[in-house]
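Novice: Sending over a structure as structure tokens; questions will come in a sec.
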Amino acid sequence: MHFSFILGHTTAEDMVKHFDSAVLESGYPISQMIQISMDGPNVNWKFYSIIKEKISADFDTKLINIGSCGLHVIHNSFKTGATASGWDISSILTSLYRLFKDAPARREDYTKITGSLLMPQKFCCHRWLENIPVCERALQLWENIEAFVKAVKEKTIANPGNKSYATLKKATNDPLIKCKLCFFQCVANHLQPFLALYQTDKPMVMFLAGDLSNMIRALMRKFLQDDVLAAASTDDKLLKIDVTEKKIHKTYKQIELGFSTEKELKEVVKKGGLSQKQVMEFRIDCRTFLIRTLQKIMMKCPLSFSLVRNLTALDPRQMVNNPTHCRESIKKVLTVLVNANKVKEKDCDAILVEYGNFLDKIPVIGSTEFSSYSPTSHRIDEFFVRHLSLESFPKLLPVVKLLLVLSHGQASVERGFSINKEAVVDNLSQRSTVARRVVCDHVRSVGGVLKVSITKELMQSVSSSRRKYEHHLQQMKQDRQTEERK
């Protein structure tokens, strides 16, 4: 069972208080609690530290920790890298949208000058990697923006005279602005597939290490020497690379900027007006962008946890292609589970034997089904339920089920904010909001409004709803009177 526990800006102590009343005092078997998943603010980590000690002392159980939400880490790392470059892309894209927002006369001037009805898109300050289409639109419109600024200078149209226009005017004077937008988009495109894949409620934690490792290597390859990456053959060695160490960097001319960026840079150089020093500084800024992005990813991402790295033992592709490594990885997974009191030490030998037997059965089951497994089109829990039976694997199956429960991120919670925003109206109480969410979740689970079963019990509940509401009001009135008498 998963709890989605959303709290606004508050202290760790208040969070603990709410968690106590909502979860620890709920009557659920807390000794079976496996994990608390969250994003990365310091207040959340303080809350986690307090709760971990409380659960250990009061319920004699330990939580499994695989770090904060990987989705948040990637978003925030990209933002950190973009900010470190010093290009101020966020202000440019924000100003581009605001200049023409709610300004019909200005939009008319823009259309008259450029002959285009296409307008900039809105920049999102909280989800930077959602701005790839925003950046694409900016590149598509940039020549029009330059024409608009030129018309203002020539006094063909009125000067907007606001901060947004001043920001864009400054940007149009930068000969490298399109190169910067192209590189911004290039790095975002490297990170976006990870976010798209993990925006799901399906069990995905066993694929997390492989996807994070591939993403980190792709970014490192742009500016680190090839022999350095070749020597980092494992994920733990990869995380130990100091990306700030200059002696392992490629020369600035060898830095890979991406196809579009390289093409745009060549065109700018060809037009003239750029010195070799400016080109060098731009390439070094790109390297800074990559370094700061990678620093934060490597420091915060779940790949730094041994359990995440070794859960590849439950990746069907690894099981068929690298069974020896998987046998070693499952031992390390069991070590973590034993230390967390989730698995008994006396059962580990039997679990390892059953896991080895399962690997040996793969050719009989069909190696192709394992080697061609795709997380995007199949659910890993359904896959293992189909191939692991309680009769053949009585010790292994419960462990696999436990590991499948681990959360890879906060995708469902983040979507919950959007659902709440749609559900909430003025003067709506907490119970009503919860009730609306329950209805919404049920409708979604059955596949739409038309597939909801209209049962006798449902009709009786609806017909008596007014009476229940009046009874609730009467009860609240009696409670207030009792409180006043006290």
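The values are calculated or read from the model by the stated rules, or taken from the named source; none is laboratory data. What you see is a predicted model, and the numbers here were worked out from it, not measured in a lab. A quick note on method: Cβ atoms are made from the backbone with ideal geometry, for glycine too, and the neighbour counts reach across all protein chains shown. Side chains included, ligands, DNA and RNA excluded: accessible areas come from the protein's heavy atoms. Shrake-Rupley method; radii C 1.70, N 1.55, O 1.52, S 1.80 Å.
Novice: In degrees from 0 to 90, rounded to the nearest 10, what is the angle of the helix 348-365 Cα long axis to the longest principal axis of the chain?
Specialist: For helix 348-365, the angle is close to 70 degrees.
Novice: For a test of the definition: using alpha carbon positions, the gyration tensor, and the 1.5 limit on a/c, classify the chain as rounded, prolate or oblate.
Specialist: oblate
Novice: Right, next: Given the Cα-Cα distance of ALA166 and THR324 and 0.36 nm per residue of separation, how much length would full extension add, in nm?
Specialist: Contour length minus the Cα-Cα distance gives 50.7 nm.
Novice: Between the stretch 387-409 and the stretch 155-172, how many Å separate their Cα centres?
Specialist: So the separation of the two Cα centres works out to 61 Å.
Novice: Positive end of the charge dipole of the stretch 246-399 (Lys, Arg +1 and Asp, Glu -1 on Cβ, about the Cα centre): tell me which of ASN310, ALA350, MET299 has its Cα farthest that way.
Specialist: Of the candidates, MET299 comes out farthest on the positive side.
Novice: Shifting gears a bit: At a 1.4 Å probe radius, which order do ILE365, ILE36, ILE74, ILE454 fall into by accessible area, largest first?
Specialist: So, going from the largest accessible area down, we get ILE454, ILE365, ILE36, ILE74.
Novice: How about LYS17: which lysines have a C-alpha closer than 16 Å to its C-alpha, ignoring those fewer than 8 places off in the same chain?
Specialist: LYS46, LYS52, LYS54
Novice: What FRET efficiency do you get for ASP360 and TYR28 if R0 is 51 Å and r is their Cβ-Cβ distance, rounded to the nearest 0.05?
Specialist: On the way: r = 39 Å, r/R0 = 0.76.
Computed FRET efficiency for ASP360 and TYR28 comes out at 0.85.
Novice: Name the aspartates and glutamates eligible as straight-distance cross-link partners of LYS332: C-alpha to C-alpha under 19 Å, and not fewer than 8 places from it in the same chain.
Specialist: Reachable aspartates and glutamates: ASP235, ASP236, ASP315, GLU345, ASP347, ASP349, GLU354.
Novice: Next question, about the same structure. For SER21 and LYS155 in one chain, what is 0.36 nm times their gap in residues minus the Cα-Cα distance, to one decimal in nm?
Specialist: Details: separation 134, 0.36 × 134 = 48.24 nm, distance 6.52 nm.
Here the answer is 41.7 nm.
Novice: If you don't mind, there's one more thing I want to ask. Answer rounded, prolate or oblate for the stretch 152-291, using the Cα gyration tensor with square roots of eigenvalues a ≥ b ≥ c: rounded when a/c is under 1.5, else prolate when a/b is larger than b/c, else oblate.
Specialist: oblate
Novice: Then there's this: Placing +1 at every Lys and Arg Cβ and -1 at every Asp and Glu Cβ, with all other atoms neutral, what dipole size does the stretch 39-127 have around its Cα centre, in debye to the nearest 20?
Specialist: Numbers: 12 positive and 8 negative charges, 47 e Å.
It comes to approximately 220 debye.
Novice: For ASN341 and TYR469 in the same chain, what is the full-extension length gain: residue separation times 0.36 nm, less their Cα-Cα distance, in nm?
Specialist: 41.5 nm
Novice: Carbon and sulfur atoms: what percent of the 1.4 Å accessible area of the chain do they account for?
Specialist: In the chain, the share of accessible area belonging to carbon and sulfur is 51 percent.
Novice: Counting only GluC sites (Glu not before Pro) that are in a DSSP loop and have at most 13 other C-beta atoms within 10 Å, tell me the longest site-free stretch of the chain.
Specialist: My reading of the result: 246-390 is the longest stretch.
Novice: With a 1.4 Å probe and every protein chain left in place, work out the accessible area per residue of the stretch 25-84 in Å², rounded to a whole number.
Specialist: On the way: 2750 Å² over 60 residues.
I get 46 Å² per residue for the stretch 25-84.
Novice: Take the Cα of CYS125, step 7 Å along the line toward its Cβ, and report every residue of the stretch 78-107 whose backbone nitrogen sits under 19 Å from that point.
Specialist: In the stretch 78-107, the label zone of CYS125 (backbone N under 19 Å from the point 7 Å along Cα→Cβ) covers 78-102.
Novice: From the phi of every residue in the stretch 82-93, what ³J(HN,Hα) in whole Hz does the Karplus formula 6.51 cos²θ - 1.76 cosθ + 1.60 yield, where θ is phi - 60° and glycine or proline is x?
Specialist: So the J values, rounded to whole Hz, are 5, 5, 5, 5, x, 7, 6, 4, 4, 5, 5, 5.
Novice: Post the alpha-carbon centroid distance, the stretch 447-486 to the stretch 331-352, in whole angstrom.
Specialist: Centre-to-centre distance over Cα atoms comes out at 48 Å.
Novice: On to the next question. What shape does the stretch 277-380 have by the C-alpha gyration tensor, where a ≥ b ≥ c are the square roots of the eigenvalues, rounded means a/c under 1.5, and otherwise prolate means a/b greater than b/c and oblate the rest?
Specialist: Details: a/c = 3.74, a/b = 1.85, b/c = 2.02.
Oblate, since a/c reaches 1.5 and b/c is not below a/b.
Novice: Where the only charges are on Cβ atoms (+1 Lys, Arg; -1 Asp, Glu), what is the dipole of the chain about its Cα centre, to the nearest 20 debye? If you can, show how the numbers build up before the last one.
Specialist: On the way: 70 positive and 52 negative charges, 271 e Å.
Charge dipole, the chain, about its Cα centre: 1300 debye, nearest 20.
Novice: Where the centroid of each part is defined by its Cα atoms, how far is the stretch 24-95 from the stretch 243-257 in Å?
Specialist: If we compute the Cα centre of each part, the gap is 32 Å.
Novice: Structure shown: which of LYS222/LYS246; LYS153/LYS271; LYS79/LYS277; LYS79/LYS247 lie over 20 Å apart, alpha-carbon to alpha-carbon?
Specialist: Listed pairs above 20 Å: LYS153/LYS271; LYS79/LYS277; LYS79/LYS247.
Novice: To the nearest 20 Debye, how big is the dipole of the stretch 274-343 about its Cα centre, given +1 on the beta carbon of each Lys and Arg and -1 on that of each Asp and Glu?
Specialist: 100
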